[in-house]
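J.: A single structure is presented below for examination.
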Amino acid sequence: MMKSYPQFAVVGHPNKGKSSIVSTLAHDETVQISDIPGTTTRQRSFPLQIDGEVLYELFDTPGFQRARAMLEWLEREEVPADRKAERVQKFMYEHRNDLRFHDEIELLEPILQGAGIIYVVDGSKPYGPEYEAEMEILRWTGQPSMALINLIDDTNYVEEWRRALGHYFRMVRVFNPMKADFSQHIALLESMAQLREEWTVSVKHAIGIFAKYRLQNISDSAQLVAELIADSLAYVASMQISGEEAKPEEKEKILETYKMHLRKLEEKSQQKIAEIWKHSRLEKRSMLPLFSDIDLFSKESASLFGLGKKEMIVTGATGGALAGSGIDLMLGGASLMMGSAIGAVIGGAGAVFGFNEISDLKILGQKLGSRRIEAGPMQNRNFPYMLLRRALYYTQEIANRPHADRSKVSMDGEELFGTHWIDEQRKKRLEKLHQLFRSGDAIKEKTLKEYNRIIESILLEKIEH
Ligand SMILES: Nc1nc2c(ncn2[C@@H]2O[C@H](COP(=O)(O)OP(=O)(O)OP(=O)(O)O)[C@@H](O)[C@H]2O)c(=O)[nH]1
Ligand SMILES: [Mg+2]
């Protein structure tokens, strides 16, 4: 029975990337993919659903196993073209309990029920006549079809594949499910729309919905990023202390609490962003920790800061500048980054990067003797930019990642994000808002919204839509 939305069965030889293509086109990270041939053993439907509406449906299928034997059976009788599909039906009926043809029956079923055919080959392996029986069988079904050349490895036999496939398919496209970006996805959908006349309208509709959905995702991600920055800047850790002064272990402990919380905020934000883009099962991210005992004089630490020399906000703030009321001590020491050391890395003579103002420890006295110690809000002026750049980079990586790509998100490419990721004008606006976030006052909805808008405008430049 024909559904109101288009259906496509992705078929081919075992281990050619069929499931990968289904995963990427259906935006579904649950599709089973592996390098063991024969991973997919049953046909399974993966509808692409957005806001409750099915836009199209893909069928993942097992690969052909005994195409030649099946074709031999089909050809045993003279059949006119208009009866060929019927003959395929008959084969399936007669072999429904024959395990030798289990995979052929599984993969042909959705096709005989009206799904268009997407035949997948690996263009990094040479063409061979063993594929001809498969393509011949597909022709027997009489269903509209196209071929996709997937390049699994670096070798390239695309031209010979094109020549061969051209005999069997009207449309032949190259598509890499591990690398496909948004526009390649859309281009493929446009080809798929041509398979059947009545699908043109629904696939065009799907493309429209898709574009809107992407904008919505960008906007939702921007909001999460804005909240992350605001919450991180405003955070204050607080702890009761036993005596008049904070003991070294108490200082150590509150700093640990403080750092841990900021790390958690970033991690949660990344998880939520992954969920927005339907990538929630991705392996734990291999991120650079924000606060750790890194070697300040290594190249990595410079990229950790994520700021070019010119972009760094150089503050001259030293202990004196902050020795105001309530501030009992400045932070420093081995676990944090010392201003002078950073200055040395950056090479600006006398420039104090300001990591010694990473957070102030305040001792709050109370009349009845119980005293508290507080760390935060974050005073370091470069910190929010570092955090922001990482969050933007992460969002861009997730948004552009095809669902067949299950590898870890690595922050290693972060430096590729460039040093010019933010212009002066935006930076000025952000700077004002950062000041408000760290002021200790409750964060106002309006402030957050303004921040959100700036983030969204940056993401719209970074993410194809
Ligand atoms: N590098 C790279 N690897 C790919 C690509 N497409 C598929 N692979 C890999 O090839 C292997 C097979 O991919 P699947 O999508 O499981 O292939 P399949 O055709 O569904 O395999 P069966 O279900 O066993 O028939 C997996 O290890 C994939 O990660 C690609 O475009 N590039
Ligand atoms: Mg598979």
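Each reported figure results from applying straightforward, stated rules to the coordinates on display, with no laboratory input. Because the structure is predicted, anything quoted here is derived from the model rather than measured. Cβ placement follows ideal geometry from the backbone for every residue including glycine, while neighbour counts extend to all protein chains displayed.
J.: Determine which member of the set THR61, THR24, THR40 is surrounded by 13 or more Cβ atoms within 10 Å (Cβ to Cβ), free of Cβ contacts under 8 Å to residues at least 24 places away in the same chain and within 30 Å of ASP154 (Cβ to Cβ).
T.: Exactly one residue qualifies, and that residue is THR40.
So that you can scan it fast, the table gives a plain yes or no per residue for (1) within 12 Å of ligand 1 (Cβ to nearest atom); (2) basic (Lys, Arg):
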{"site": "SER23", "(1), (2)": "yes, no"}
{"site": "PRO37", "(1), (2)": "yes, no"}
{"site": "ARG44", "(1), (2)": "yes, yes"}
{"site": "GLN49", "(1), (2)": "no, no"}
{"site": "GLU57", "(1), (2)": "no, no"}
{"site": "PHE64", "(1), (2)": "yes, no"}
{"site": "MET70", "(1), (2)": "no, no"}
{"site": "TRP73", "(1), (2)": "no, no"}
{"site": "ARG76", "(1), (2)": "no, yes"}
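J.: Out of curiosity, is VAL54 in a helix (DSSP H, G or I) and away from ligand 2 (no atom under 16 Å from the Cβ)?
T.: So VAL54 fails the test.
J.: Would a scan of the range 4-20 turn up a residue that is out of contact with any Ser or Thr (no Cβ under 6 Å at 6 or more places or on another chain), on the phi > 0 side of the Ramachandran plot and more than 14 Å from ligand 2 (Cβ to nearest atom)?
T.: No, that holds for no residue.
J.: Scanning for something crowded, with 20+ Cβ neighbours inside 10 Å, closer than 30 Å to SER23 by Cβ and either in contact with a His (Cβ under 7 Å, 6 or more places away or on another chain) or not small (Gly, Ala, Ser) (or both), does the range 448-456 turn up at least one residue?
T.: Yes: one or more hits.
J.: Also, I was wondering about something else. Just give me the residues in the range 21-39 being within 10 Å of ligand 2 (Cβ to nearest atom) and within 22 Å of ALA399 (Cβ to Cβ), in sequence order.
T.: ILE21, VAL22, SER23, VAL31, ILE33
J.: Quick check on this structure: which one of SER34, SER45 is assigned to a loop (DSSP other than H, G, I, E, B) and closer than 30 Å to ILE186 by Cα?
T.: Checking each option against the conditions leaves just SER34.
J.: Restricting attention to the range 64-100, report how many residues are in a loop (DSSP other than H, G, I, E, B) and surrounded by fewer than 11 Cβ atoms within 10 Å (Cβ to Cβ).
T.: Of the residues in that region, 6 qualify.
J.: On to the next question. From the list ALA226, ALA211, pick out the single residue that is loosely packed, with under 15 Cβ neighbours inside 10 Å and touching a residue at least 12 places away in the same chain (Cβ under 8 Å).
T.: ALA211
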